[in-house]
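Right, one structure below, let's go through it.
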Amino acid sequence: MGKKLILSLAAVVGLAACAQSNIQPMSKDTFKISTVAAPVCGPSGARNVALKIAAIEVIRRGGDKFVLTGGASQTDLWRGTHNQSMVVKVIPEGSSEARNALSARNQLGDNWEEFIAKGTPTTCE
């Protein structure tokens, strides 16, 4: 029973800070997100963190609509980390592209304001 408890606690602690991201401006309306996530996150965890960061950054820039214009994922088998990059273009409301764009607020959910207040996520939950 002691080993199971220790392993469970290690997994929870591992989720506490399992992702690190950087945002690189590319133009006035485009930026790139690079996320590295711990093995416990898996590729989908890295992707989810990057998408949340994209939505947060779009809102911080005063928008709501965005499209992903590029991206890549990679798993480092030696370290077990998962890397996700996304190129994000902010789309102006009312433009012809807005109809097909993602909504940052919808991506974050009903509590999107909490995500904005907390800032860049470091967990993949």
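Details
- Helix 42-60 and the long axis of the chain differ in direction by around 40°, with both axes built from C-alpha atoms.
- In the chain, lysine pairs closer than 30 Å at Cα, eight or more apart or cross-chain: 14
- Comparing ALA104, ALA50, ALA72 in a Gaussian network model of the chain, where Cα atoms under 10 Å apart are tied by springs, the biggest mean-square fluctuation is seen for ALA72.
- Placing unit charges on the Cβ atoms only, positive for Lys and Arg and negative for Asp and Glu, gives region 2-118 a dipole magnitude near 300 debye about its Cα centre.
- Rounded to 10°, Cα long-axis angle of helix 2-16 versus longest principal axis of the chain: 20 degrees
- Each of VAL67, LEU77, GLY42 was scored by the projection of its Cα onto the charge dipole of region 2-118, and the greatest displacement toward the positive side belongs to LEU77; charges sit on the C-beta of Lys, Arg, Asp and Glu.
- Only one of (i) 21, 16, 13; (ii) 30, 16, 11; (iii) 25, 17, 11 was calculated from the structure for semi-axes √(5λ) of the Cα gyration tensor in Å, and its label is (ii).
- In the chain, helices alone account for a calculated mean residue ellipticity at 222 nm of -11500 deg cm²/dmol, with every DSSP H run of four or more residues adding -39,500 (n - 2.57).
- Neighbourhood charge, 10 Å Cβ-Cβ cut-off, centred on ILE33 and excluding it, Lys, Arg +1 and Asp, Glu -1: +1
- Cys with no candidate disulfide partner in the chain (beta-carbon separation under 4.7 Å rule): CYS18
No value in this document is a laboratory result; all are computed from the given coordinates. For clarity, every value in this text was computed on a predicted model and none was experimentally measured. Note: ideal-geometry Cβ built from the backbone for every residue, glycine included; neighbour counts use all protein chains shown.
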